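A short write-up of the structure that comes next.
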Amino acid sequence: MPEAPSGVARRRFLGGALGAAGALAAGGAGFGVAKAVGTDDPAPAPGRVAFYGPHQAGIATPAQDRLAFAAFDVTSSSADDLQRLLGTWAAAAAQMTKGAPIGSVETAPDVPPIDTGEALGLPPAKLTITVGFGPSLFDARFGLARKRPVALEPIPALPGDTLDPNRSDGDLCVQACADDPQVAFHAIRNFARLARGTAVLRWSQLGFGRTSSTSTSQETPRNLMGFKDGTNNIKAEDTAELADHVWVGAETDQGWMRGGSYLVARRIRMLIESWDTDNLADQEQVFGRFKNSGAPLTGKHEFDEVDLKAVKGTEPVIPIDAHVRLASPKTNDGLRILRRGYSYTDGIDADTGLLDAGLFFIAFQKDPRTQFVPLQRKLGSHDRLNEYIRHTGSGLFAVPPGLRGPGDWWGKALFA
Amino acid sequence: MTIRATSALPTARPTALAGLGLLAALGLTACSSSAGDDGPKAGGDAGRGPSAERRVANVEITAAKGCVPDKATFTAGGITFKIKNKDATAVSEVELLSGARIVGEKENLPPGFTGEFAVTVPAGKYTLYCPGASTERRPITVTGSAATGSTDVAALLKTATQGYGEYVETQVASLLTAGQRLATALRGQDLAAAQQAYVDARPFYEKIEPVAESFVVGQDSIDADLDAREGDVPAAKWRGFHRIEKALFQKKSLTGLAIYGDQLVNDVKRLQKLTAGLAFQPTELANGAQELLDEVAASKITGEEERYSRIDMLDIDDNVEGADQAFAQLQPALQKIDPALTKTIADRFGALDRVIDEYRTTSNPSGFKLYGELTAADKRKVAAAVKAVQEPLSKVASKVANA
C-alpha cells in the first residue's frame, strides 16, 4: 500500500490558487481536468460527472463512495467485434452516467428489456466508468501487437506476492464508481450483458468504501486497519502533479495513449484478526502515523509534514520500516502515484473462517515501470505492514484518454 | 432430422448450421464506411429483389432528430437501408415495421458505427422504428407492386413448426425404444449393461425436455415422474430416471429396480400420447430452445442433474442439440426476417459445438468426460459459450411472433 507524497502542507495551502492557474495553463495544452464537451453533455448537473473530456473520469475526479470493478477476457478474435463492443459500451456509459437507462426497459412483451432496470429512478450518483486495456489484448488476436506501449509491460513477480490467477489480469478492465452501490453494479452488469458473445467476465470486485481522497474537498478516509493511509495523495487540484505523475504525455511511444494513464489494481487482503490483536503502539509504528489523528509520529495534525530525520535518542521516530517512510516520495526520488482504492470484503475464507477483507488498491500513474513496480518491490521486501497483508490479485491496464463525444469510443485511435 | 445413434460416439451435429458457418466473420474495420456491413452479406438473397434496380435509403441517427431517412417513398421491391448512428447514445438498432411485424432490422449500431439491412417489400405503409431515439418512428411508403418471387415467411414458419413436431415425435419414439431396453436390462443381472442402457436413453429426453416439462396437470407432472431428482418430490413418490440412476451408479445394485423400469416405460407412453400430433407455435420453438439453454446454464453446468452417473456433459450436449434443432427449424424463416441475427446465432451455436466437442472421449460410456473430470475453467468456458448463444436467441421469439 504505497503512501503518496509529502511536501504536503505547502501544496495543500497553495492548492486552490495553484490549481486554478494550472488549469488555465493546462487547458490550452489539452490536459486540463476533464470538462464536458459534446452536444448532449452540457455542464453536468449536481450528482453527475461529465463522461466526455480529455481524460477519462474516475481518475482525477473526486473518489466516490463505492466501487464495482471487473476484468474481461475477449472471446471473439474479430477486431470488428471488439470495436463494436467498445462502441456499444461507450454509448451505454454515456447513458448511465447521465442517470439514464442504456435503452428501453419496456420494449415489447416478448423480448427481454434492453436495460436490466435496477437503476431506474436512481440518480446518477456521480457514476464514472473508466475502461482500460490489459497487456494480453495486444497479442496476435486483433493485430495490435505493434500498438502496445512499452509502459504496458506486465508487472513482474514482486516480493511477497501470493497472487491468485483467477483474481488477476484480463484483456479489458472496467472501473465503475458511484455514491450508490446499485448504480455502480448496474453498470458492470449491463456491460457484461452487452459483451456476451464477444467478451466474458474474468473476475470482479466490489468495494464498499473509498480509502483515498482525490480532491482537497474530501476528508481522508480510513482503511480497514483504522488508519488514514493516503493523506498525501495527488489531488484533482494538483494539475502540475497530475501532468508530472499521472497523465501520459509526449514521452509515450504510442500516440493513442496521450492523455491516458496506467491503472494498477492489487487485491490486498488484510489479516485483520491478527491486526486487531496488535497493540496500539505497534500499530502506529507500522504505519508511522497516530491512529486517531492521522498525524505523522513527528507531528500533531494529519497534514503535518512527515519528518523522516527526527530521532528520539538514537532511534528514528518514524521507524526505518514504517509504511509512511518507505512509501514517501522523499525516500523514492520524488516518485508519486494517484491512489484510488476501496475497502472490500468477500465474506469469510472457507478454509479458516477468517474474514476475507482488505484493500482493493487502485493506482493511476504515467509509467508503472518507474512508479508502482519499484515502489512495491521496496514495500514488498521491507514494509513492516507485510506481516498483516497479502497481495492476492493483480492487474495492469492501459487507460486511454477520454472520449471526445458521442461517436468516439475507447481505443478508437488505437484501431485507426 | 438427423438422429444420433444411441451409444456410438456422436460426430459433429449435422444441422442446417453447417452451411452458414462458412459465412463466418470477415474482420471488417469499424472505422471505414463499410463497418457493420454484414447484414446483406450474411443475408444472402434476402432483399435482393428480382428487379435489377436497387433502391437505397440513407438513414442518419442523431440525438437531436432521431432517425432520419433521406428518402421516404419507394416503389415495391428490394430496398436497402444504409444507416449511420452519428451521436445518439440511446439508440443501437433500427427496424422496419409493417404494423407490429418486423420486416427487417440492423442491431449493434452505437454512435460512430454504420450498418445496413435490405428488405423486399410489397406496397403499403411501413414504419422506420429506432427504439430510444428522440423521434422514434418515421413513416415509409411503398407504392406499386413488386415483381414478386419472395417466399412467404408465414409458409416457412408453418414448415418450421411442422418439422419440429415431427422431430419431437421421433425423439419420443426413440425414447420409448431406449426406455424399453433399459427396463429389460433392469430385470437382468448385468450392472454394466444396465448402466449403458441408462446412458443410452437419457439423450432422447434431454433433447425435448421443455416439451415434457410443459405437461403439468394439477398435481400430475410428466417431467417430475420421469426426471425428478432426489428431494424434488416426496421420497415415496420418487421414480424415473434419477431414481434408477442412483441405484445403478451409487448403490451399484439392480435389486428392486424392475418396477421403476416398467413405470418409466409407462410414463414415456403417456408422454407419447400427449405429444402425438401436437401443434407448436413458432414462439414455442424459440422459447423452447431458450429453455434448453437455461437448463444447461442453471443446472447442468453446476453438476446438479446427473449426481451419481456424472454424465452431465452428455446432457449438456443433448440440451444444446435440442435447442439447435428448434433454431434450425426456424432458420429459413428467420433468415428472411433478420439475416444478421440468424448468422450471429448460427455462428455462436457453431462455436458452442466446438467447445463441447473438446470434452468428447471414447473412454467413457457417455462419450464425454465425466463431470468430476471438468475443471472450474472448463465449466466457465462452456457456460460462457452457452450465454453467448442465449443473448441473441432471446430476441427470436419476438421476431417469429410478429411474422
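The values are calculated or read from the model by the stated rules, or taken from the named source; none is laboratory data. Please read these numbers as outputs of a predicted model, since none were measured by experiment. Here the Cβ positions follow ideal geometry from the backbone for every residue, glycine too, while neighbour counts run over all protein chains shown.
Listing for the model above:
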read-out	value
Selected residue (only one of B:Thr148, B:Thr159, B:Thr120, B:Thr177 is farther than 21 Å from B:Leu314 by Cβ and at pLDDT 90 or above)	B:Thr159
Out of A:Val111, A:Val105, sole residue that is facing chain B (nearest Cβ under 10 Å), hydrophobic (A, V, I, L, M, F, W, C) and surrounded by fewer than 24 Cβ atoms within 10 Å (Cβ to Cβ)	A:Val111
Residue within the range B:373-389 that is of a type in the set (Asp, Glu) and either buried (at least 17 other Cβ atoms within 10 Å of the Cβ) or within 14 Å of chain A (Cβ to nearest Cβ) (or both) present	yes
The listed residue being within 14 Å of chain B (Cβ to nearest Cβ) and either modelled with pLDDT of 90 or more or closer than 30 Å to B:Arg101 by Cα (or both), out of A:Ala68, A:Ala63, A:Ala91	A:Ala91
Test: A:Ser76 is of a type outside the set (Phe, Trp, Tyr) and more than 7 Å from chain B (Cβ to nearest Cβ)	yes
Test set (1) surrounded by fewer than 23 Cβ atoms within 10 Å (Cβ to Cβ); (2) at pLDDT below 90; (3) in contact with an Asp or Glu (Cβ under 7 Å, 6 or more places away or on another chain) - B:Lys399 fails condition number	(1)
Qualifying positions in the range B:211-240 - touching a residue at least 24 places away in the same chain (Cβ under 8 Å) and either surrounded by fewer than 22 Cβ atoms within 10 Å (Cβ to Cβ) or touching a Lys or Arg at 6+ places or on another chain (Cβ under 7 Å) (or both)	B:Glu213, B:Phe215, B:Ile222, B:Asp225, B:Arg229, B:Glu230, B:Arg239
Single residue of the range B:338-372 satisfying the filter (among the basic types (Lys, Arg) and within 30 Å of B:Val121 (Cβ to Cβ)) that is nearest to the other protein chains (Cβ to nearest Cβ)	B:Arg348
Contacts under 6 angstrom Cβ, first residue in the range B:122-133 being touching a residue at least 24 places away in the same chain (Cβ under 8 Å) and away from every other protein chain (no Cβ under 14 Å), partner surrounded by 15 or more Cβ atoms within 10 Å (Cβ to Cβ) and of a type in the set (S, T, N, Q), 6 or more apart	B:Tyr126/B:Ser98
Residue that is farthest from A:Arg336 (Cα to Cα), among those in the range A:239-260 that are charged (D, E, K, R) and loosely packed, with under 15 Cβ neighbours inside 10 Å	A:Asp253
Residue match in the range A:313-326 (condition: surrounded by fewer than 18 Cβ atoms within 10 Å (Cβ to Cβ) and of a type in the set (Lys, Arg))	no
Selection status of A:Arg189, surrounded by fewer than 23 Cβ atoms within 10 Å (Cβ to Cβ), among the charged types (D, E, K, R) and either touching a residue at least 12 places away in the same chain (Cβ under 8 Å) or on the phi > 0 side of the Ramachandran plot (or both)	yes
Qualifying position, being within 12 Å of the chain's Cα centre (by Cα) and either under 21 Å from B:Lys387 (Cβ atoms) or at pLDDT below 90 (or both), among B:Asp338, B:Asp324	B:Asp324
Residue that is closer than 30 Å to B:Lys379 by Cα and over 17 Å from the mean Cα position of the chain (by Cα), where the choices are A:Pro156, A:Pro149, A:Pro124	A:Pro156
Test: residue in the range A:335-345 that is β-branched (Val, Ile, Thr), closer than 19 Å to A:Gln371 by Cα and surrounded by 24 or more Cβ atoms within 10 Å (Cβ to Cβ)	yes
Qualifying residues in the range B:89-105 (those that are within 18 Å of B:Thr127 (Cα to Cα) and modelled with pLDDT of 85 or more) - the one nearest to the other protein chains (Cβ to nearest Cβ)	B:Ser92
Every residue from the range A:196-244 that is in a loop (DSSP other than H, G, I, E, B) and of a type in the set (Ser, Thr, Tyr)	A:Thr198, A:Thr211, A:Ser212, A:Ser213, A:Thr214, A:Ser215, A:Thr216, A:Ser217, A:Thr220, A:Thr231
Tabulated pairs, the range A:236-259, first at pLDDT 95 or above, second assigned to a loop (DSSP other than H, G, I, E, B) and hydroxyl-bearing (Ser, Thr, Tyr), C-beta under 8 angstrom, 6+ apart or interchain	A:Arg258/A:Thr252
So A:Pro54, is it away from every other protein chain (no Cβ under 14 Å) and at pLDDT below 90	no
Pairs where the first residue, in the range B:315-327, is under 17 Å from B:Val400 (Cβ atoms) and the second is not in a helix (DSSP H, G or I), C-beta under 6 Å, 6+ apart	B:Asp324/B:Thr15
Residue in the range A:398-405 that is farther than 24 Å from A:Ala151 by Cα, within 14 Å of chain B (Cβ to nearest Cβ) and surrounded by 19 or more Cβ atoms within 10 Å (Cβ to Cβ) present	yes
Residues located in the range B:79-94, provided they are crowded, with 24+ Cβ neighbours inside 10 Å and either assigned to a loop (DSSP other than H, G, I, E, B) or free of Cβ contacts under 8 Å to residues at least 60 places away in the same chain (or both)	B:Phe81, B:Ile83, B:Asn85, B:Ala88, B:Thr89, B:Ala90, B:Val91, B:Ser92, B:Val94
Flag for B:Gln219 being at pLDDT 95 or above, more than 23 Å from the chain's Cα centre (by Cα) and among the polar types (S, T, N, Q)	no
